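The values are calculated or read from the model by the stated rules, or taken from the named source; none is laboratory data. Everything numeric in this text was worked out from a predicted model, so none of it was measured. In this analysis, Cβ positions are derived from the backbone assuming ideal geometry, glycine residues included, and neighbour counts consider all displayed protein chains.
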Amino acid sequence: MLFLKNHDINTRSARAARNILVSFIIKSISVLINMALVPLTIHYLSPAKYGVWLTISSMLGWISFFDIGLGHGLRNKLAEALARGEMHKAKAYVSTAYFSITILCCFLFLTFVVINNFLNWNQLLHIPVQIDENMRAITFVLFCTFSIQFILQLINSILLSNQQPARVSLYNMVSNLLVLIAIAVLIRYTRESLMHIAFVFSFIPVLVLAVVNIYYFRSPFKDFAPSRKEIDFQVLREVLSLGLKFFIIQISVLVFFQTSNFLICRFFSPELVTPYNIAFRYFGLITMVFSIITAPYWSACTEAYMKQDLGWIRTSLKQLFRIWLLLVAAAIAMLYFSDYAYRFWVGDQIHIDFRISFFMMLYTLVVSFGNIYIIVLNGIGQIRLQMLVNVIGMLLFIPLSYYLAVTLHMGISGMIIATIICSIYGTAIAPFEVKKLLLNSAKV
């Protein structure tokens, strides 16, 4: 029995290490691709049009959050079923999730089609009159393809529950590479067009995900491929009991991150969305690196907690904290060289205030620290307190952003500070919750 337990620990740790290493390689390539995408897209459009594109795409990208928690719920429940070897139940989870998400997407799409006819996007986003584009048609194309992507991206939850985050990173990298190639073709053969950009950024990921779904359900995941006969609304209740909590957390994340572009556009101007996003992506390298490291631990913690392997979880927390300290030093170095990095990346046409860079660095470090403990709680499924605190933060975010950014004239820096304040759960509460949870579990 001891041998089997040690074997599980070694296998789990080795799998996590392998995923981290492969993900680093893939993500490094993805970073280069994404860095090339920004100046290339700005070159094809313009800073003003690029700001409009970021705002529109981020707003419609909200659909990826509206799966009522099915993705995260499926990830945890499927991981539990696989750990127990319950393949029939695994197939029921997958089949029911795909069916439910398809019904939900059809409802969201039809609702959007009706609402879109009454929206004036130019007025809503204060789009300058010189930007002569059919925004209603562009948003229709984006929402249509995002709805399809919404269904197909469930395969990512299945890969994550199988502790294969590196493969998720690989397919995202392939999508971005194809987008990069497509934009290069647009620059050479077409005039600037938001519609062309919308089509490229939305259609290509759908195509890649469709291929991935077909491949996995015909071969590696054939045993629990979606089947109409396996749809079971009893297991849907199991998934949603956890998934709805994740959904509420996702909504709070949506408010923190996705509304920032809209608020900048509304409070200030579309052109200021660009420097905000460049700083966000630059210091987002810290978040990206740490997310690569923590990604395998979510489902690994699910497995470890089920088997009461609390020692492995404690050891993992200590390792992640040491890695975070190294990232603090890296973030400070990135701040020091930020002006040089921005000029090398996007040239002299975009100026980014030092305060924006400083608070963006602080924000990424705060979020990364909190994720050490949140990843454990997510894997275990203990997320009720996280949900409640995030709801409070969500309600405070917009008025606090307005107060700091507009009333106190702090500008974009004030919005970032508001995000930091509203993200208090990970830094101030989650560490104590994890400690208490592990202590109580050890006594059982």
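Entry remark, region 218-240: residues being without any contact (Cβ under 8 Å) to a residue 24 or more places away in the chain and not charged (D, E, K, R) number 3 in total.
For (1) at pLDDT 85 or above; (2) crowded, with 21+ Cβ neighbours inside 10 Å; (3) at negative phi, each residue gets a yes or a no:
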{"site": "136", "(1), (2), (3)": "no, no, yes"}
{"site": "150", "(1), (2), (3)": "no, yes, yes"}
{"site": "162", "(1), (2), (3)": "no, no, yes"}
{"site": "165", "(1), (2), (3)": "no, yes, yes"}
{"site": "170", "(1), (2), (3)": "yes, no, yes"}
{"site": "180", "(1), (2), (3)": "yes, no, yes"}
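Of all residues in region 237-270, those satisfying the criterion of being of a type in the set (Phe, Trp, Tyr) and over 17 Å from the mean Cα position of the chain (by Cα) are 262, 267, 268. Across region 417-441, the qualifying residues are those that are over 24 Å from the mean Cα position of the chain (by Cα) and touching a residue at least 12 places away in the same chain (Cβ under 8 Å), and the one among them that is nearest to residue 382 (Cα to Cα) is 437. Note on region 161-170: residues that are touching a Pro at 6+ places or on another chain (Cβ under 9 Å) and not polar (S, T, N, Q) total 2. Within region 174-222, the only residue that satisfies the criterion of being of a type in the set (Val, Ile, Thr) and not in a helix (DSSP H, G or I) is 190.
Within region 193-209, the set of residues being touching a helix residue (DSSP H, G or I) at 6+ places or on another chain (Cβ under 6 Å) and either of a type in the set (Gly, Ala, Ser) or surrounded by fewer than 17 Cβ atoms within 10 Å (Cβ to Cβ) (or both) comprises 195, 198, 202.
Yes/no per residue for (1) within 23 Å of residue 420 (Cβ to Cβ); (2) touching a strand residue (DSSP E or B) at 6+ places or on another chain (Cβ under 6 Å); (3) modelled with pLDDT under 80; (4) of a type outside the set (A, V, I, L, M, F, W, C):
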residue: 259; (1), (2), (3), (4): yes, no, yes, yes
residue: 262; (1), (2), (3), (4): yes, no, yes, no
residue: 276; (1), (2), (3), (4): yes, no, no, yes
residue: 280; (1), (2), (3), (4): yes, no, no, no
residue: 285; (1), (2), (3), (4): yes, no, no, no
residue: 288; (1), (2), (3), (4): yes, no, no, no
residue: 291; (1), (2), (3), (4): yes, no, no, yes
residue: 299; (1), (2), (3), (4): no, no, yes, yes
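Quick one: how many residues across region 416-444 are crowded, with 21+ Cβ neighbours inside 10 Å, under 23 Å from residue 280 (Cα atoms) and touching a Phe, Trp or Tyr at 6+ places or on another chain (Cβ under 8 Å)? Step through it out loud before you land on a result.
Start the filter on region 416-444 by keeping residues that are crowded, with 21+ Cβ neighbours inside 10 Å, which leaves 416, 418-419, 422-423, 425-426, 430, 434.
Subset that is under 23 Å from residue 280 (Cα atoms): 416, 418-419, 422-423, 425-426.
Then keep just the ones that are touching a Phe, Trp or Tyr at 6+ places or on another chain (Cβ under 8 Å); that gives 416, 418-419, 422-423, 426.
Residues in region 416-444 being crowded, with 21+ Cβ neighbours inside 10 Å, under 23 Å from residue 280 (Cα atoms) and touching a Phe, Trp or Tyr at 6+ places or on another chain (Cβ under 8 Å): 6 in total.
Kindly evaluate residue 414 against the criterion of being small (Gly, Ala, Ser), assigned to a helix (DSSP H, G or I) and under 18 Å from the mean Cα position of the chain (by Cα). Criteria not met by residue 414.
Please find, within region 90-129, the residue that is farthest from residue 79 (Cα to Cα) out of those that are assigned to a helix (DSSP H, G or I) and aromatic (Phe, Trp, Tyr).
Initial filter on region 90-129 (assigned to a helix (DSSP H, G or I)): 90-116, 121-124.
In the following step, the residues that additionally are aromatic (Phe, Trp, Tyr) were identified as 93, 98-99, 107, 109, 112, 121.
Values: 93: 10, 98: 17, 99: 19, 107: 29, 109: 30, 112: 34, 121: 42 Å.
Residue satisfying both the conditions and the ranking: 121.
In region 262-284, the residue that is nearest to residue 350 (Cα to Cα) out of those that are part of a helix (DSSP H, G or I) and of a type in the set (S, T, N, Q) is 274.
This table checks each residue for (1) in a helix (DSSP H, G or I); (2) surrounded by fewer than 18 Cβ atoms within 10 Å (Cβ to Cβ); (3) acidic (Asp, Glu); (4) in contact with a Leu (Cβ under 7 Å, 6 or more places away or on another chain).
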| position | (1), (2), (3), (4) |
| --- | --- |
| 320 | yes, no, no, no |
| 328 | yes, yes, no, yes |
| 333 | yes, yes, no, no |
| 340 | yes, yes, no, no |
| 344 | yes, yes, no, no |
| 355 | yes, yes, no, no |
| 358 | yes, yes, no, yes |
| 367 | yes, no, no, no |
